[in-house]
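Colleague: Here's a structure for you.
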Amino acid sequence: DTAVSQTPKYLVTQMGNDKSIKCEQNLGHDTMYWYKQDSKKFLKIMFSYNNKELIINETVPNRFSPKSPDKAHLNLHINSLELGDSAVYFCASSVGYSWEQYFGPGTRLTVT
Amino acid sequence: TQLLEQSPQFLSIQEGENLTVYCNSSSVFSSLQWYRQEPGEGPVLLVTVVTGGEVKKLKRLTFQFGDARKDSSLHITAAQPGDTGLYLCAGAGGTSYGKLTFGQGTILTVHP
């Protein structure tokens with residue numbers, strides 16, 4: 001059974017388009033996160049939600065809008081995609097604000 | 001802003017050799033995690049260290065948290081090709097609400 005799943009695995013799109021990435025966890029965790037990993041493998045947090053409430057909102061362009069319909073799901077919508085948005089986006093989850101986080105397999109976004 | 005300097009960035013060794021990866025900061029962390037990431041997958045938690053001076057062992061891997069909780073090391077004894085991957089350290093502050101600060105990562109390649 002997949003603990004943290006993301007769809008799609010790969011996403012190739014053109015500049016200016018709008019796209020969404022979905023994340024689901026079946027671990028019963030109440031906190032979920034979005035991370036961005038750049039081409040140099042540097043991983044940086046973008047957002048976190050606890051019980052559907054936004055907790056962490058790093059300095060991310062407002063073209064990125066997360067949404068948590070329930071504590072098992074966290075989606076990421078990106079408007080007006082730019083070349084610099086190309087990266088691997090990881091979803092993660094944890095119990096409360098635990099430092100021990102479980103990551104999904106990632107979504108590789110390529111903007112052309 | 002808390003930063004974690006991880007070194008070396010790349011490590012290429014022969015099977016059977018020992019190696020150490022370092023993670024250093026000028027900031028104090030409440031805890032430090034080590035993750036391993038394989039190509040096309042998300043980071044997988046290896047260990048969490050919380051107490052200054054703490055040492056944890058996971059088979060051939062030894063993790064140490066510095067006395068001042070500003071640095072950590074990962075030592076692998078008799079490396080095997082299966083150890084190949086990206087190793088990431090991540091630190092958490094006291095009131096971080098689960099926010100992890102990641103190091104730049106160490107890409108380890110173990111040749112048979």
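Colleague: Compute the relative contact order of region A:19-76 as a whole-number percentage, counting only Cα pairs closer than 8 Å that sit 6 or more residues apart in sequence.
Modeller: 39
Colleague: Now, a different point. Looking at region A:4-110 from every direction and averaging, what is the projected area of its Cα convex hull in nm²?
Modeller: The number I arrive at for region A:4-110 is 5.9 nm².
Colleague: Among bridges DSSP assigns within chain B, what percent are antiparallel (round to 5)?
Modeller: 90
Colleague: Say the cut-off is 19 Å between C-alpha atoms; which of A:K19/A:K52; A:K40/B:K56; B:K70/B:K99; B:K59/B:K99; A:K44/B:K99 go over it?
Modeller: A:K19/A:K52; A:K40/B:K56; B:K59/B:K99
Colleague: Right, another one. Taking a cut-off of 12 Å between Cα atoms, list the aspartates and glutamates near A:K9, but don't count ones fewer than 8 places away on the same chain.
Modeller: Of all the aspartates and glutamates, those that pass the test against A:K9 - Cα under 12 Å, at least 8 places apart if same chain - are B:E41.
Colleague: May I ask you to evaluate 6.51 cos²θ - 1.76 cosθ + 1.60, the Karplus curve with θ = phi - 60°, for each residue of region A:19-31 and list the ³J(HN,Hα) values in order in whole Hz, giving x for glycine and proline?
Modeller: Using θ = phi - 60°, the values come out as 9, 10, 10, 10, 9, 9, 10, 10, 8, x, 6, 10, 10 Hz.
Colleague: Between B:G40, B:G82, B:G52, which gets the highest mean-square fluctuation from a Gaussian network model of chain B, Cα cutoff 10 Å?
Modeller: B:G40
Colleague: A further question follows. Could you identify which residue out of A:S93, A:S39, A:S68 has the top mean-square fluctuation in a GNM of chain A using Cα springs shorter than 10 Å?
Modeller: For chain A, modelled as a Gaussian network with Cα springs under 10 Å, the answer is A:S39.
FYI, it's all coordinate maths here, none of it is from the lab. Predicted model, so just to flag it, every value in this text is computed and none were measured.
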